[in-house]
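The structure appears right after this line, and notes come after that.
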Amino acid sequence: MKADAFRYDGKRAVVVGGATGMGAATAELVQDLGAEVVVMDYAPVTLEGVKAIKVNLSDKASIDAAVDECGGPIHALFSCAGVADGTPGIEKINFIGHRHFIDRAIEKGYLGRGSAIGMISSTAGLGWRTNMDLVKEYLATPDFDAAAAWIEAHPERADYMFSKQAINVYVASQAFRLLQQGIRINAILPGPTDTPLARANADTWLGFATDYRDDTGIEASRPDEQAGPLAFLCSDAARYVNGEVMIVDAGYTSSGMTGSYESAVAAVGFMEGTVLS
């Protein structure tokens, strides 16, 4: 393998949710790595040199129109859009809309053999293994409308944590099926990251694990520090990496799991062991 495997020359990358935060950092990075970049978002796109397409992930028709406008091929799809608890349609914006985009792009032949999908989940979704049966019931819904109906029947699941668990189970469970079509899928699980969304929810998001950061002398992650691992996962350098949910939190979760940082033990145990029933 040569260093070129980390680059995106000759590739077309689509960043859904690329106007701000980690999505914007990802769009800028893969552009710098040689990609032709399409940025989709509901918010205005300011990055120069990219094609901007407006999309509302809570609206199936908007997603369909955005996919049609984008066209193909899509060599790397970065599913980065997300909103916080209290946002109407959170379940669609954080998961259902992304899944529909992927399904539609595959159906159209835009995501083909050799392509890769990278999603942004969260350490808030670490309980996916414990909650597997319920999440798989949700994922068994065949399409956008059925998934939305499932949430309507289970309104207590229309929250941030469950949407991130859904991403994690989706990535792990779709690895085989998609690889049969030559498509890889992975996700990153960021810890606290200094984005506009996180700053709007600073007490709960950026306030998490402050003691760990103080004791290790680090700050909350920057968006570009999450973009790097995400870009790697969709590059040819990671072509044997598939179905992974990569935790990117400077070791907080590992320290809690192993007991090497005492105050993280309970927090990580809660995130990993919560059963939403």
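The values are calculated or read from the model by the stated rules, or taken from the named source; none is laboratory data. Just so it is clear, the structure is predicted and the values come from calculations on it, not from any experiment. A quick note on method: Cβ atoms are made from the backbone with ideal geometry, for glycine too, and the neighbour counts reach across all protein chains shown. Side chains included, ligands, DNA and RNA excluded: accessible areas come from the protein's heavy atoms. Shrake-Rupley method; radii C 1.70, N 1.55, O 1.52, S 1.80 Å.
If you scan the stretch 148-172, which residues turn out to be part of a helix (DSSP H, G or I) and under 16 Å from P88 (Cβ atoms)?
Looking only at the stretch 148-172, we keep the residues that are part of a helix (DSSP H, G or I), and these are 148-153, 155-157, 160-172.
If the condition is that a residue be part of a helix (DSSP H, G or I) and under 16 Å from P88 (Cβ atoms), then A148, I151, E152, P155, E156, R157, Y160, F162, S163 are the ones that fit.
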Review point. Is it the case that some residue within the stretch 118-131 is open to solvent by less than 30 Å² (accessible area, probe 1.4 Å), at pLDDT 95 or above and touching a Cys at 6+ places or on another chain (Cβ under 7 Å)?
Key: yes
Review point. Do you know which residues across the stretch 1-50 are assigned to a helix (DSSP H, G or I), of a type in the set (A, V, I, L, M) and open to solvent by 50 Å² or more (accessible area, probe 1.4 Å)?
Key: A3, L29
Check your understanding: Only one residue in D203, D224 is more than 21 Å from V16 (Cβ to Cβ), acidic (D, E) and open to solvent by 10 Å² or more (accessible area, probe 1.4 Å). Which one?
Key -> D203
Check your understanding: Inside the stretch 149-178, can you point out the residues that are in contact with a strand residue (DSSP E or B) (Cβ under 8 Å, 6 or more places away or on another chain) and open to solvent by 30 Å² or more (accessible area, probe 1.4 Å)?
Key -> A172, Q174
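Among the residues of the stretch 58-102, how many are assigned to a loop (DSSP other than H, G, I, E, B) and either over 25 Å from S235 (Cα atoms) or polar (S, T, N, Q) (or both)?
Going through the stretch 58-102, the residues assigned to a loop (DSSP other than H, G, I, E, B) turn out to be 58-59, 71-75, 80-89.
Of the ones still in play, those that are also either over 25 Å from S235 (Cα atoms) or polar (S, T, N, Q) (or both) are 58-59, 83-89.
So the count comes out to 9.
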Exercise for review: Answer yes or no as to whether D145 is acidic (D, E), open to solvent by 10 Å² or more (accessible area, probe 1.4 Å), modelled with pLDDT under 95 and part of a helix (DSSP H, G or I).
Suggested key: no
Exercise for review: Restricting attention to the stretch 225-264, report how many residues are among the polar types (S, T, N, Q) and in contact (Cβ under 8 Å) with a residue 24 or more places away in the chain.
Suggested key: 6
